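Here is the structure we will look at.
The values are calculated or read from the model by the stated rules, or taken from the named source; none is laboratory data. Only a predicted model underlies this, so the values are computations on that prediction, with no experimental measurement involved. When we count neighbours, we look across all protein chains shown, and the Cβ atoms used for this are built from the backbone with ideal geometry, even at glycine.
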Amino acid sequence: MSDNKKTYEGLAQLGKAVSQPQSPDEATLETVPNPQAGETYLVRFTCPEFTSLCPVTGQPDFAHFVIDYVPDAKLVESKSLKLYMQSFRNHAAFHEDCSVGIAKKLIEVMQPKWLRLGGYWYPRGGIPIDIFYQTGEAPKGLWIPDQGVEPYRGRGK
């Protein structure tokens, strides 16, 4: 058996058929060892079709998330992140709670050197809400591209 297969043997979701978690509390964020530990580099995940529910009305809320992080010893396993993000589909919480909660959960699980999350929420009631969370100053010398999400402007230019 290759070293890679041994490394990923203990994962509960990667390479397996799993059910969609019904809530963030049921979801499991898994990590894998960082094969480039000791290097300072940026990892970006983009989730342009995030959904959750308004805790007051039960109506759906939609967001575009951009998650940037500098890993230390662990990387978040991408399938588990996808399932975690999808688990919010039936979860009722305000935009701020979802956004900051996702960032804090990633920090808890991975313990990255640095993390930044941009939550770009689509308007409900005519007002878009954007939520930004960052763990502190980015590592010196790190190239950080723009998150590439334009502010909401409605139909006009």
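Of all residues in the stretch 38-47 being at pLDDT 95 or above and over 25 Å from P151 (Cβ atoms), which is surrounded by the fewest Cβ atoms within 10 Å (Cβ to Cβ)?
E39
Those residues that are buried (at least 17 other Cβ atoms within 10 Å of the Cβ), of a type outside the set (D, E, K, R) and under 11 Å from the mean Cα position of the chain (by Cα), I need them from the stretch 48-85; list them, please.
Once the filter is applied, which keeps residues that are buried (at least 17 other Cβ atoms within 10 Å of the Cβ), of a type outside the set (D, E, K, R) and under 11 Å from the mean Cα position of the chain (by Cα), the stretch 48-85 yields F50, H64, F65, V66, I67, Y69, V76, S80, L81, L83, Y84, M85.
Please give the number of the condition K74 fails out of (1) under 14 Å from V109 (Cβ atoms); (2) of a type in the set (D, E, K, R); (3) in contact (Cβ under 8 Å) with a residue 60 or more places away in the chain.
(3)
Among the β-branched types (V, I, T) and over 24 Å from L14 (Cα atoms): which single residue out of T51, T46, T40 fits that description?
T40
In the stretch 115-142, what count of residues is obtained for those that are buried (at least 18 other Cβ atoms within 10 Å of the Cβ), touching an Asp or Glu at 6+ places or on another chain (Cβ under 8 Å), touching a residue at least 40 places away in the same chain (Cβ under 8 Å) and not charged (D, E, K, R)?
Final tally of qualifying residues: 6.
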